Amino acid sequence: MKTILFYCAAIGFVHFGWISPLGDSRGGAGNARPVPYAECRENLSSLNRTATTISCAGLGLGPLHQWPRKTVKPFTSGLPAPSDHDFHVSKCLVEYNEGEQALQVSLHLFIDDLEEALRRQGADDLFLCTPKEHKQAEQHVYRYLQQHFRFVVNGSPRDYTFIGKEVSEDLMAVWCYLEIAGVSSLKTLQVSNDLLMEVFDDQKNLASINGPGGKQGLMLFQKGDTVKKVQY
């Protein structure tokens, strides 16, 4: 049943616009206006790095209420066991901005899953996206992403800049915003994504790719199948 529901989610991910470059994170029309990535980046850079909420509704990437919910309570000091989760899934949007010559990434991770992965690396009690957030929390998150989420652009490995993060409206997840600058053209893109797979054997990671000329695609990552490549 989990497998059937997950692949239904993957289909909806593409065909029903659950991830869109300028969607409303709350689903439906909502009242929040779309915010371009560039404006979101400016908002993030002007705020304290430990801020827990930023007005970037336009990068909500689709109605989260349509995604599988997990039966856990966020922000608890005692993390639940992995078996308490119904689903282990992440999603992200990778969009090529031809005007800015950049790859812009919005990544959605459940907070308790991410904190468990960081705890296993020795980073305890980070209290991500809360007023008690550790002052070095973003450094730990960034380092973890660099280890498990990598890009090869036009045949060359590329690092990304950690632009910032914000908590999801339901307080269960964190959106991380990343950027690879200086991409004058995009001919090939390889993505390696094994986020959280060292924690959960059933972890699935979805990526929606918006390439040059409006070309779109979907990547599904799971254990044993963590590297995908697209050519334009």
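Every number here is computed from the coordinates shown, using simple stated rules; none is lab data. Given the structure is predicted, the values throughout are model-derived calculations rather than measurements. Heads up, the Cβs are rebuilt from the backbone with ideal geometry, glycines too, and the neighbour counts pull from every protein chain shown.
Brief remarks on what is shown
- Selection within the stretch 187-208 - surrounded by fewer than 21 Cβ atoms within 10 Å (Cβ to Cβ), within 22 Å of THR161 (Cα to Cα) and either of a type outside the set (Lys, Arg) or under 18 Å from the mean Cα position of the chain (by Cα) (or both): THR188, GLN190, SER192, ASP194
- When residues of the stretch 144-181 are limited to those that are assigned to a loop (DSSP other than H, G, I, E, B) and small (Gly, Ala, Ser), the one nearest to LEU107 (Cα to Cα): SER168
So that you can scan it fast, the table gives a plain yes or no per residue for (1) in contact with a helix residue (DSSP H, G or I) (Cβ under 7 Å, 6 or more places away or on another chain); (2) touching a residue at least 60 places away in the same chain (Cβ under 8 Å):
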site: GLY155; (1), (2): no, no
site: VAL199; (1), (2): yes, yes
site: LYS204; (1), (2): yes, yes
site: LYS228; (1), (2): no, no
site: TYR232; (1), (2): yes, no
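- Conditions (1) without any contact (Cβ under 8 Å) to a residue 24 or more places away in the chain; (2) surrounded by 15 or more Cβ atoms within 10 Å (Cβ to Cβ); (3) within 15 Å of ASN97 (Cα to Cα); number of the one not met by GLY217: (3)
- Search result, residues across the stretch 94-151 that are of a type in the set (Ser, Thr, Tyr), touching a helix residue (DSSP H, G or I) at 6+ places or on another chain (Cβ under 7 Å) and crowded, with 21+ Cβ neighbours inside 10 Å: TYR96
- Residue count for the stretch 132-160 satisfying the condition of being touching a Lys or Arg at 6+ places or on another chain (Cβ under 6 Å) and under 17 Å from ASP194 (Cα atoms): 1.
- Residue in the stretch 115-137 that is over 20 Å from LYS228 (Cα atoms), within 17 Å of the chain's Cα centre (by Cα) and either part of a strand (DSSP E or B) or without any contact (Cβ under 8 Å) to a residue 40 or more places away in the chain (or both) present: yes
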